[in-house]
Amino acid sequence: MISVNQAQRIVLKYAKPRHPRKMSLGDVLGLVLAKDISAATELPSFTNSAMDGYALRSSDTKSASTGFPISFRIAEYLPAGKIPTKKITAGTCAQIMTGALLPQGADAVIPIEETEKKRDRMKIRMPVPCGANIRYRGEDVKRGKILAKGTVIRPQEMALLAALGCDRISVCSRPTVAILSTGNELISHSERPSIGKVRDSNSWVLEALLRTEGVCPKRLGIAKDSRQDLRKKIREGLRSDILLVAGGVSVGTHDLVKSVFEELGIQQLFWKVKMKPGKPVFVGSKGKTLVFGLPGNPASGFVAFEIFVRPAIRGMAGRSDIFPVYHTAVAVHPLKHRKGKVDFLRGIVTKSKGGFLVRSAGRQGSHCFKSLCQANALIRLPENISRAVRGDKVDVLLLWGGSL
Ligand code: AMP
Ligand code: MG
């Protein structure tokens, strides 16, 4: 059996970035730039006012003071978007709004709050330094490289790309993913189970986890524990970049998934990892497709997703932040653990003055939903320790959507 680290390294080798594609701006949130972005225009693209106020010549304001106000004639009104028609000369100003083009001759803007207006005249009682409240053309972004290849496009990058007029953007596209639940006992979540039957929850947790990575998976439904049904549905799943098959990879007599994988030419990269839950996880590859056989128990599949599938998706999407980030927390009570495998316990992390504290989220059985829902973190207890006692520092992986 291999270690979690070895298994992660193997997954990563097979999770190389997909071919770059040009996509429109509306579709690139969360994706990775496949090429540098060069600014074709400067930002701001013209010199403009940073305030609602008056544009004037700073030299005209030098002697202004509380006792000796200076008065200006308002030559023009400039809302954002209007092109000035008047040059600012001695003793004149233009009323200007934020973002409006600075008129010729003006070299400063005084905010409206610091002025007094009467009909077509405006008075100030203090000098205004040259350059005050002006946003100069190109002061933010110069022409040339502005975003590097490999950058993840977040909402703020969306703003910059839009401001620069980028529409077709070269990105690493996300992998396509198919999910298949397997098991004779499974029925749809919308059906009423007769005794012995179980509602399919795995396809839903997997789909939800995929959506947190921006992936909208193809649902292949539920396959019976029969070679024929498995063969047909797995074959369909092999059209995707990643295929997740839940259930049937253990050692039960009905666990046929691995043998159907073999029959279909899926090469095994590993099966069984020194971890709990999630031990029977299988990873294989065929052509461009990375195939995961995930254990059927809900908590096992969840953990296996976080440890192997999420990194694979990120790798294929060209991300450099591939592996989960662990924080340190102090255990508030002893945590059960057996040496020799990595335990991923469902935990509840809270903040305290000294940092994070963590406690168990309840029953840790791999079939348990409740502790999974109560957890906001996975506690990682490494292979080489035999227990964690109260006060021990442990690694915690904060889960998506949780709060502290
Ligand atoms: P398996 O990995 O197929 O041996 O399944 C292990 C356990 O997980 C069994 O109790 C199954 O009934 C349960 N299980 C498997 N697949 C699902 C699923 N899609 N939804 C809910 N439970 C499942
Ligand atoms: Mg099964």
Original post:
Which members of the range 83-98 meet the condition of being open to solvent by 20 Å² or more (accessible area, probe 1.4 Å) and either touching a residue at least 40 places away in the same chain (Cβ under 8 Å) or assigned to a strand (DSSP E or B) (or both)?
Top reply: Q95, M97, T98
**OP:** Being of a type in the set (G, A, S), farther than 30 Å from A94 by Cβ and touching a strand residue (DSSP E or B) at 6+ places or on another chain (Cβ under 9 Å) is the filter here, so list the residues in the range 19-70 that pass it.
**Re:** S24, G30, A34, S38
Subject >> Residue in the range 231-264 that is surrounded by the most Cβ atoms within 10 Å (Cβ to Cβ), counting only those that are more than 13 Å from ligand 1 (Cβ to nearest atom) and not in a helix (DSSP H, G or I) >> reply: L243
**OP:** Would you please name the residue that is surrounded by the most Cβ atoms within 10 Å (Cβ to Cβ), looking only at residues in the range 164-190 that are out of contact with any Ser or Thr (no Cβ under 7 Å at 6 or more places or on another chain) and part of a strand (DSSP E or B)?
**Re:** T182
**OP:** State whether the residues of the range 208-223 include one that is more than 19 Å from E306 (Cβ to Cβ), touching a residue at least 12 places away in the same chain (Cβ under 8 Å) and open to solvent by 70 Å² or more (accessible area, probe 1.4 Å).
**Re:** yes
Subject >> Every residue from the range 267-315 that is more than 13 Å from S366 (Cα to Cα), open to solvent by 10 Å² or more (accessible area, probe 1.4 Å) and either in a loop (DSSP other than H, G, I, E, B) or basic (K, R) (or both) >> reply: K272, K274, K286, G287, K288, R310, R314
**OP:** Answer yes if at least one residue in the range 182-191 is more than 11 Å from ligand 1 (Cβ to nearest atom) and in the same structural domain as E306 (by TED's automatic domain parsing), and no otherwise.
**Re:** yes
**OP:** Can you run down the residue pairs with Cβ atoms below 6 Å, 6 or more apart or on separate chains, where the first is in the range 163-192 and free of Cβ contacts under 8 Å to residues at least 24 places away in the same chain and the partner is open to solvent by 60 Å² or more (accessible area, probe 1.4 Å) and within 16 Å of ligand 2 (Cβ to nearest atom)?
**Re:** E185/K197; E185/V198; H189/R199
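The values are calculated or read from the model by the stated rules, or taken from the named source; none is laboratory data. This structure is a prediction, so every number in the text was calculated from the model and none was measured. Positions of Cβ are backbone-derived with ideal geometry, glycine not excepted, and every protein chain shown enters the neighbour counts. These area figures cover heavy atoms from the full protein model, side chains too; ligands, DNA and RNA do not enter into them. Shrake-Rupley method; radii C 1.70, N 1.55, O 1.52, S 1.80 Å.
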